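A.B. asks: First the structure, which I've put down as structure tokens, then a few questions once you've had a look.
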Amino acid sequence: MTQGPIRLDIAVGYAVPRAGVPAAASFRRWMSAALQGRIREADLAVRIVGEDEGRALNRHYRGKDYATNVLSFPGELPPEVKLPKGVTMPLLGDIVLCAPVVAREAAEQSKPLAHHYAHLTVHGCLHLLGMDHQDEREAQCMEQLEREILAALNIDDPYRVRD
């Protein structure tokens, strides 16, 4: 784990009306919590999209023809891009959250909307760090880390089944 202060350059973009969607400061706080102690510096972005854009992205990049709650795109420079000697680009990647899907899921799961956004933002950040949940062991490790990060933000366990 990386110790000391973290330097993050986080861009937040809204492709949907802002009503009901958390402010950029909230996304920055959640991303910082997810990355603290795991990375020293990074440039990353989060984009909040509508159903059509979320569906188009999921179809194009994952071959699934529906909008999903969160997509993560790890940063990779094309091989033809050469950085000048001594220049580093700590590009971590992009996270895309689909506002209508997030809102629908929060309502279905009886969760505060902001808490669901926080969870999915943390989840997306962990994917950018290379974590995954393709098998049961990976899923358990990732979920436990999400619980710990969210607990530090005073957010309930997102995997707890609610009545």
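A.B. asks: Can you tell me which residue in the range 18-47 is surrounded by the fewest Cβ atoms within 10 Å (Cβ to Cβ), limited to those that are closer than 17 Å to His127 by Cβ, aliphatic (A, V, I, L, M) and touching a strand residue (DSSP E or B) at 6+ places or on another chain (Cβ under 6 Å)?
C.D. replies: Restricting to residues being closer than 17 Å to His127 by Cβ, aliphatic (A, V, I, L, M) and touching a strand residue (DSSP E or B) at 6+ places or on another chain (Cβ under 6 Å), the top hit is Ala45.
A.B. asks: When you scan the range 106-163, how many residues do you find that are within 14 Å of the chain's Cα centre (by Cα) and assigned to a helix (DSSP H, G or I)? So that I can check it myself, show each step before the final result.
C.D. replies: First, the residues of the range 106-163 that are within 14 Å of the chain's Cα centre (by Cα): 114-132, 142-143, 145-146, 149-150.
Subsequent filtering for residues that are assigned to a helix (DSSP H, G or I) retains 114-128, 142-143, 145-146, 149-150.
Qualifying residue count, the range 106-163: 21.
A.B. asks: Moving on to the next point. Restricting to the range 107-119, and then to whatever is of a type in the set (A, V, I, L, M) and touching a helix residue (DSSP H, G or I) at 6+ places or on another chain (Cβ under 6 Å), can you tell me which residue is surrounded by the most Cβ atoms within 10 Å (Cβ to Cβ)? Spell out the reasoning first.
C.D. replies: Applying the first criterion (of a type in the set (A, V, I, L, M)) to the range 107-119 yields 107, 113-114, 118.
Now narrow it down to the ones that are touching a helix residue (DSSP H, G or I) at 6+ places or on another chain (Cβ under 6 Å): 113, 118.
On the way: Leu113: 16, Ala118: 27.
In this case the residue turns out to be Ala118.
A.B. asks: Starting from the range 3-27, take each residue that is closer than 16 Å to Arg38 by Cα and list its partners that are among the aliphatic types (A, V, I, L, M) and in a loop (DSSP other than H, G, I, E, B), counting only C-beta distances under 6 angstrom and pairs at least six apart or across chains.
C.D. replies: Listed by first residue and then by second, the contacts come to nothing, as the list is empty.
A.B. asks: Still on this structure, please answer the following. Would you confirm whether any residue within the range 126-140 is out of contact with any Ser or Thr (no Cβ under 8 Å at 6 or more places or on another chain), within 22 Å of Ile10 (Cα to Cα), surrounded by 16 or more Cβ atoms within 10 Å (Cβ to Cβ) and at pLDDT 95 or above?
C.D. replies: No, the range 126-140 contains no residue that is out of contact with any Ser or Thr (no Cβ under 8 Å at 6 or more places or on another chain), within 22 Å of Ile10 (Cα to Cα), surrounded by 16 or more Cβ atoms within 10 Å (Cβ to Cβ) and at pLDDT 95 or above.
A.B. asks: Could you grab me the full set of residues in the range 153-163 that are exposed (fewer than 10 other Cβ atoms within 10 Å of the Cβ) and closer than 23 Å to Arg28 by Cβ?
C.D. replies: Within the range 153-163, the first condition is being exposed (fewer than 10 other Cβ atoms within 10 Å of the Cβ), and the residues that meet it are 154, 160-163.
Within the range 153-163, just Asn154 meets the criteria.
A.B. asks: For the range 51-70, which positions are in contact with a helix residue (DSSP H, G or I) (Cβ under 6 Å, 6 or more places away or on another chain), outside any loop (DSSP other than H, G, I, E, B) and surrounded by 20 or more Cβ atoms within 10 Å (Cβ to Cβ)?
C.D. replies: Within the range 51-70, just Val70 meets the criteria.
A.B. asks: Further question on the same structure: Among Pro5, Pro78, Pro22, Pro84, which is on the phi < 0 side of the Ramachandran plot and at pLDDT 95 or above?
C.D. replies: Working: Pro5 fails: at pLDDT 95 or above; Pro78 fails: at pLDDT 95 or above; Pro84 fails: at pLDDT 95 or above.
Result: Pro22 is the single residue among Pro5, Pro78, Pro22, Pro84 that is on the phi < 0 side of the Ramachandran plot and at pLDDT 95 or above.
A.B. asks: In addition: Based on this model, can you work out whether Ile48 counts as on the phi < 0 side of the Ramachandran plot, among the hydrophobic types (A, V, I, L, M, F, W, C), in contact (Cβ under 8 Å) with a residue 40 or more places away in the chain and part of a strand (DSSP E or B)? Before the answer, list the steps.
C.D. replies: Numbers: on the phi < 0 side of the Ramachandran plot: yes; among the hydrophobic types (A, V, I, L, M, F, W, C): yes; in contact (Cβ under 8 Å) with a residue 40 or more places away in the chain: yes; part of a strand (DSSP E or B): yes.
In short, yes.
A.B. asks: For Ala114, all conditions in the list (1) touching a Ser or Thr at 6+ places or on another chain (Cβ under 8 Å); (2) at positive phi hold save one; what is the number of the exception?
C.D. replies: Here Ala114 meets the rest and fails (2).
The values are calculated or read from the model by the stated rules, or taken from the named source; none is laboratory data. As the structure is a computational prediction, the values presented were derived from the model and not from experiment. So basically every Cβ, Gly included, is an ideal-geometry build from the backbone, and we count neighbours across all protein chains shown.
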